[in-house]
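Below: the structure, in structure tokens.
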Amino acid sequence: MLDPRPEGIEQDRIREGIWDLRQRVYSRKFPEVNQVRDDPYDYQSCVIYSRSTEGRVCATARIAFDGDLGIPEAALVDRLVDGYRRDGVQFAELGRFMIDDEGRGILDSFYRAYYELGAAWGIQLYLMFVPDNKVSLYRRLMDARVAISFRDLTFGGNHPYVCMEWWLDRTRPRFFSWSGASRSGDAAAVQVRGEGER
């Protein structure tokens with residue numbers, strides 16, 4: 001929840017910047033995605049962002065926890081989610097990830113944040129909805145596995161999507177070399193601000 005104190009004005013500015021970036025990117029790449037502003041899942045999530053040297057939000061992502069609303073794409077993977085809950089698996093959904101031209105070169109930092117924050121919070125598994133042309137990358141980097149393939153799900157983009165499972169304890173050594181993430185899950189160096197801060 002956003003802070004109502006004077007610092008909340010800055011939080012409002014950041015939130016608007018995140019929503020503006022989502023609107024620009026999603027309207028172009030994924031025209032079928034229409035809930036990018038005032039998304040209710042943001043309020044039970046950790047929304048990560050980066051700003052350019054001019055202070056403009058240039059990258060953002062969301063770690064959506066299994067809270068009162070569930071995870072955003074639960075309806076697509078209800079069998080998986082039911083199984084995780086039954087087995088006591090701590091899981092979250094990675095999503096709303098985008099980087100514009102000013103944010104180039106920070107992809108590894110976001111993945112470092114995902115890993116270190118997840119490990120610090122006891123998340124065992126991330127669900128990731130990715131285009132099928134990225135599957136081999138995530139297999140190589142973190143040993144993520146395809147849990148469900150969706151033949152007709154594109155979100156209006158150019159590729160069908162799959163749901164991948166990234167079990168943090170199976171993450172490959174090359175991921176740590178690439179991202180600079182700590183295996184210990186020490187998230188002390190990861191700065192997170194904004195909505196859903198835990």
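Here are some notes:
- Entirely in region 106-176, the strands (runs of 3 or more DSSP E) that have 3 or more residues that are of a type in the set (A, V, I, L, M): 125-131, 145-149
- Residue selected from region 137-181 under the condition free of Cβ contacts under 8 Å to residues at least 12 places away in the same chain and of a type in the set (Lys, Arg), by the criterion farthest from Ile106 (Cα to Cα): Arg151
- Condition met for Gly8 (surrounded by fewer than 18 Cβ atoms within 10 Å (Cβ to Cβ), of a type in the set (Gly, Ala, Ser), modelled with pLDDT under 95 and not in a helix (DSSP H, G or I)): no
- All positions within region 35-87 that are surrounded by 13 or more Cβ atoms within 10 Å (Cβ to Cβ), outside any helix (DSSP H, G or I) and acidic (Asp, Glu): Asp39, Asp66, Glu73
- Residue check for Ile99: of a type in the set (Val, Ile, Thr), within 25 Å of Lys29 (Cα to Cα), touching a residue at least 40 places away in the same chain (Cβ under 8 Å) and open to solvent by 50 Å² or more (accessible area, probe 1.4 Å): yes
- Single residue of region 102-118 satisfying the filter (open to solvent by 20 Å² or more (accessible area, probe 1.4 Å) and in contact with a helix residue (DSSP H, G or I) (Cβ under 6 Å, 6 or more places away or on another chain)) that is nearest to Thr53 (Cα to Cα): Asp108
- Scanning region 73-118 for residues that are under 20 Å from Trp178 (Cβ atoms) and among the polar types (S, T, N, Q) yields a single hit, Ser109.
- Every pair of residues 6+ apart whose Cβ atoms lie under 6 Å, when the first sits in region 29-44 and is within 10 Å of Gly156 (Cβ to Cβ) while the second is surrounded by 15 or more Cβ atoms within 10 Å (Cβ to Cβ): Lys29/Gly157; Phe30/Phe155; Phe30/Gly157; Glu32/Phe155; Val33/Tyr26; Val33/Phe155
To keep it simple, each residue is scored yes or no on (1) among the small types (Gly, Ala, Ser); (2) open to solvent by 60 Å² or more (accessible area, probe 1.4 Å); (3) at pLDDT 95 or above.
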{"site": "Lys134", "(1), (2), (3)": "no, yes, no"}
{"site": "Ala144", "(1), (2), (3)": "yes, no, yes"}
{"site": "Phe150", "(1), (2), (3)": "no, no, no"}
{"site": "Cys163", "(1), (2), (3)": "no, no, yes"}
{"site": "Trp167", "(1), (2), (3)": "no, no, yes"}
{"site": "Phe176", "(1), (2), (3)": "no, no, yes"}
{"site": "Ser184", "(1), (2), (3)": "yes, yes, no"}
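- Counted residues, region 88-101 - those being farther than 17 Å from Val36 by Cα, touching a helix residue (DSSP H, G or I) at 6+ places or on another chain (Cβ under 7 Å) and in a loop (DSSP other than H, G, I, E, B): 0
The values are calculated or read from the model by the stated rules, or taken from the named source; none is laboratory data. Because the structure is predicted, anything quoted here is derived from the model rather than measured. Cβ atoms come from the backbone with ideal geometry, glycine included; neighbour counts cover every protein chain shown. Ligands, DNA and RNA are stripped out before the accessible areas are found, and what is left, the full protein with its side chains, is counted by its heavy atoms. Shrake-Rupley method; radii C 1.70, N 1.55, O 1.52, S 1.80 Å.
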